[in-house]
Amino acid sequence: MIKNTTEEYTILSEKFLEFEGNKDIPARINTNHDSVPDVFKSYKYPVSGWPVLINKQMTEELKELSIKIPGLLKQIPTLYFNDDIKKLAEFYFEGDEMMTEFAMLCHKKDLEIGCRLDLTFTEDGFKVLEANIGSSIGGWQIQSFESLIRNNHPELVNKDKILDYKGRNTLQIYMKFLIEQIIKQLGKQNTINVFMEMGDIEDESEKQESLNFFDSLFKEELANFGLKGGTYTGDMNSLVSHRWKFIFGG
């Protein structure tokens, strides 16, 4: 579409040809770059070397969508299934009504959880492809690649223009959200510890590297709240409840 409008000379032609002719910017960044944290070296997903730039109006639209869509999704059990355990069990839990009862107990608590929307932008506006909901939603990792992406584009690191292109520190936002929700449920604590389930990571060095990365970020944000704590992992089966707290059983 853009190319068709610039085949004949216009005031934008020169800039467009300059943009199109820049072959030095990679389609994908090299995640083994020194600026990338070790935990994301050789990242298994491709990361585009080109950022997506959105204006203020689109930012406001995304803010609204990010609140409205999760709110609507929460109503699915009631609006589509009338909270019927049997129907919910057949649709979500292969007929397991006991699991469904437990799931609905959690659902009715109306806890705030993380949600990432996957969207496409069309001529009619945004369309939702899917909603990723839960504690492992993904997407926050991109913050660790922002400086590398920016350095590929002089416009984004120009000291006179850098403030015109604002990124969101998704890592800090996630940690802040996590701590706020813990305080909301348990009350103000002097110390907050979190347990990370990492059973899907078989390599012990990779597991420790991931834990250290998360722990460092978590402690940094705890300090902003004037709190202490840390991140731990282990065998989930060894966790036992004691006076409203989970501890490793002996």
(request) Mind listing just one residue for me: the one in the stretch 23-81 that is over 18 Å from residue 139 (Cα atoms) and among the aliphatic types (A, V, I, L, M) and, of those, least open to solvent (accessible area, probe 1.4 Å)? (result) 25
(request) Kindly indicate the residue of the stretch 128-142 that is in contact with a helix residue (DSSP H, G or I) (Cβ under 8 Å, 6 or more places away or on another chain) and open to solvent by less than 60 Å² (accessible area, probe 1.4 Å) and also farthest from residue 71 (Cα to Cα) among those meeting that condition. (result) 141
(message) So, in the stretch 143-199, exactly how many residues are over 14 Å from the mean Cα position of the chain (by Cα), open to solvent by less than 60 Å² (accessible area, probe 1.4 Å) and closer than 18 Å to residue 224 by Cα?
(response) 8
(message) Quick test for you: out of 166, 87, pick the one residue that is of a type in the set (Lys, Arg) and in a helix (DSSP H, G or I).
(response) 87
(request) Select from the stretch 105-127 the residues that are assigned to a strand (DSSP E or B) and either of a type outside the set (Phe, Trp, Tyr) or open to solvent by 60 Å² or more (accessible area, probe 1.4 Å) (or both) and list them in ascending order. (result) 115, 116, 117, 118, 119, 120, 121, 122, 125, 127
(request) Assess whether residue 159 counts as being among the charged types (D, E, K, R) and in a helix (DSSP H, G or I). (result) no
(message) I need a count of the residues in the stretch 62-76 that are in contact (Cβ under 8 Å) with a residue 60 or more places away in the chain and over 24 Å from residue 155 (Cβ atoms).
(response) 4
(message) Against the conditions (1) closer than 30 Å to residue 146 by Cβ; (2) in contact with a helix residue (DSSP H, G or I) (Cβ under 8 Å, 6 or more places away or on another chain); (3) hydroxyl-bearing (Ser, Thr, Tyr), where does residue 92 fall short? Just the number, please.
(response) (1)
(request) Determine whether the stretch 128-140 contains at least one residue that is in a helix (DSSP H, G or I) and among the aromatic types (Phe, Trp, Tyr). (result) yes
(request) Could you check how many residues of the stretch 159-210 are modelled with pLDDT of 90 or more and among the hydroxyl-bearing types (Ser, Thr, Tyr)? (result) 1
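The values are calculated or read from the model by the stated rules, or taken from the named source; none is laboratory data. Computed from a prediction, not measured in an experiment: that's the story for all the values here. Cβ: placed from backbone, ideal geometry, glycine included. Neighbour counts: every protein chain shown. With ligands, DNA and RNA removed, areas are computed over all heavy atoms of the protein, side chains included. Shrake-Rupley method; radii C 1.70, N 1.55, O 1.52, S 1.80 Å.
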